Amino acid sequence: MAYLIDGNNLIGHLKAGAGVGDPENRAELMATLLAFQQVLRTKIILVFDGRPPDEGPRIEVNPKFAILSPEPGESADAVIQRLILRQADKRQFFVVSSDREIRDFAKAHGVRDLGAAEFGRELRKALRERRNRKEMRKTTESPSPLEVRLWGEVFRKK
């Protein structure tokens, strides 16, 4: 399974009123998508409008997580459309955008589309599952004899 995501569109949906070009918002989205990727073990291609500034937070990306920006004078929509055309196996490939033109283009080329709201629900569900998995992995350790003795001394003093 793979997701081709219109990054600015998704930021605008997940964080109403957020600056889509803000490096912090982009970094936050990338971190969220990395967590999503860990749960679903999927490929993610994230496309942002404009080149990211040289400064700002950076998040390490793995081989199945690509962040793309258009060439100067090109739009993110053009990059997304080009990637849709190149996709060979369209059965497990999803385009995430609420942009009507992108969604129509995806459908016309046999690619499934998800609106930002629909993907947002999937994202929240996956992150809840991730939290639940972490909670289940928590282990408790019995205190060592030294810890028991020290805590006993603390409570006897009062």
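The values are calculated or read from the model by the stated rules, or taken from the named source; none is laboratory data. As the structure is a prediction and not an experimental result, all values here were calculated from the model. Please note: Cβ atoms are built from the backbone with ideal geometry, for glycine as well, and neighbour counts cover all protein chains shown.
As a summary of the residue check, Ala88 satisfies the conditions (1) more than 24 Å from Ala31 (Cα to Cα); (2) modelled with pLDDT of 90 or more except for the one numbered (2).
Residues of region 80-125 that are among the hydrophobic types (A, V, I, L, M, F, W, C) and under 19 Å from the mean Cα position of the chain (by Cα): Ile80, Leu83, Phe93, Phe94, Val95, Val96, Leu114, Ala116, Ala117, Phe119, Leu123.
Count of region 3-41 residues, restricted to those that are within 23 Å of Ile84 (Cβ to Cβ), of a type in the set (Gly, Ala, Ser) and more than 12 Å from the chain's Cα centre (by Cα), is 1.
Scanning region 122-158 for residues that are under 30 Å from Arg41 (Cβ atoms), modelled with pLDDT of 80 or more and not basic (Lys, Arg) yields a total of 5.
The number of residues in region 83-117 being in a helix (DSSP H, G or I) and exposed (fewer than 14 other Cβ atoms within 10 Å of the Cβ) comes to 8. Within the span defined as region 59-70, one or more residues are touching a strand residue (DSSP E or B) at 6+ places or on another chain (Cβ under 7 Å), surrounded by 14 or more Cβ atoms within 10 Å (Cβ to Cβ) and without any contact (Cβ under 8 Å) to a residue 24 or more places away in the chain.
Identify, please: which residue in region 1-46 is among the polar types (S, T, N, Q) and in contact (Cβ under 8 Å) with a residue 40 or more places away in the chain and is, among those, surrounded by the most Cβ atoms within 10 Å (Cβ to Cβ)?
To start, the set of residues in region 1-46 that are among the polar types (S, T, N, Q) comprises 8-9, 25, 32, 37-38, 42.
Then drop every residue that is not in contact (Cβ under 8 Å) with a residue 40 or more places away in the chain, which leaves 8-9, 32, 38, 42.
Working: Asn8: 22, Asn9: 24, Thr32: 16, Gln38: 14, Thr42: 17.
Looking at the filtered set, the residue picked out is Asn9.
As a summary of the residue check, Val111 satisfies the conditions (1) closer than 16 Å to Ile11 by Cβ; (2) modelled with pLDDT of 90 or more except for the one numbered (1).
Quick grid of which residues meet (1) out of contact with any His (no Cβ under 9 Å at 6 or more places or on another chain); (2) of a type outside the set (Asp, Glu); (3) part of a helix (DSSP H, G or I); (4) modelled with pLDDT of 90 or more:
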| residue | (1), (2), (3), (4) |
| --- | --- |
| Leu10 | yes, yes, yes, yes |
| Gly21 | yes, yes, no, no |
| Ala27 | yes, yes, yes, no |
| Phe36 | yes, yes, yes, yes |
| Pro52 | yes, yes, no, no |
| Gly56 | yes, yes, no, no |
| Ile59 | yes, yes, no, no |
| Asn62 | yes, yes, no, no |
